[in-house]
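One structure is given here, and the rest of the page talks about it.
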Amino acid sequence: MTRRVHEVMTRNPVTVERLTSLAEAARVMRDAGIGDVLVVDQGRLCGILTDRDLVVRGLAEDRDPAETTVQAICSAEPRTVGPDDHVDEAVDLMRRHALRRLPVRNGSGELVGIVTLGDLEVERDPGSPLAAIAAAEEARHRDR
């Protein structure tokens with residue numbers, strides 16, 4: 001039986017408003033122990049910001065982290081999946097577009113989760129090295 005995205009996704013993804021500064025977004029990531037935040041505009045998904053974006057599009061381009069908003073450097077309009085989509089569909093989408101994470105939205109467009117490569121690897125092969133790393137990270141975040 002093919003699993004559905006809602007069975008492997010991380011619920012309640014961490015979000016920041018589009019006008020949040022890069023410095024504040026970095027603190028949110030640090031405090032949550034994560035490498036990405038979903039960018040919203042009044043609760044509606046409008047982008048995704050990763051720790052790599054902060055470095056490559058922010059700091060490396062000499063942007064002021066206190067003055068630059070996440071909207072200025074995030075990946076706008078990210079591809080998404082639905083909670084009832086098959087995991088195989090998420091994997092295919094990630095493979096075709098070289099993505100490491102996919103926001104999950106329900107039928108009304110509400111953000112309900114995020115699915116990552118780690119989530120999918122734990123599902124596919126719980127004994128793999130990537131799955132072990134993902135599980136250790138999850139346990140570390142739970143214990144905080």
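Specify the residue that is farthest from L22 (Cα to Cα); the eligible residues are those in region 74-98 that are touching a Leu at 6+ places or on another chain (Cβ under 7 Å) and of a type in the set (A, V, I, L, M, F, W, C). Out of the qualifying residues, it is V87.
Here region 95-144 is the region considered, the condition is being surrounded by 14 or more Cβ atoms within 10 Å (Cβ to Cβ) and among the acidic types (D, E), and the residue that is modelled with the highest pLDDT is D119.
If the condition is being surrounded by fewer than 17 Cβ atoms within 10 Å (Cβ to Cβ) and assigned to a strand (DSSP E or B), then region 22-59 contributes D41, R44. Would you confirm, using the coordinates I've provided, whether P83 is in contact with a His (Cβ under 8 Å, 6 or more places away or on another chain) and surrounded by 15 or more Cβ atoms within 10 Å (Cβ to Cβ)? Criteria met by P83.
Note on region 81-100: residues that are assigned to a helix (DSSP H, G or I) and small (G, A, S) amount to 1.
Checked against (1) touching a residue at least 40 places away in the same chain (Cβ under 8 Å); (2) under 20 Å from V28 (Cα atoms), V55 meets all criteria but (1).
The values are calculated or read from the model by the stated rules, or taken from the named source; none is laboratory data. Since this is a predicted model, take the numbers as computed values, not measurements. Counting neighbours? That spans all protein chains shown, and the Cβs are built from the backbone with ideal geometry, glycine included.
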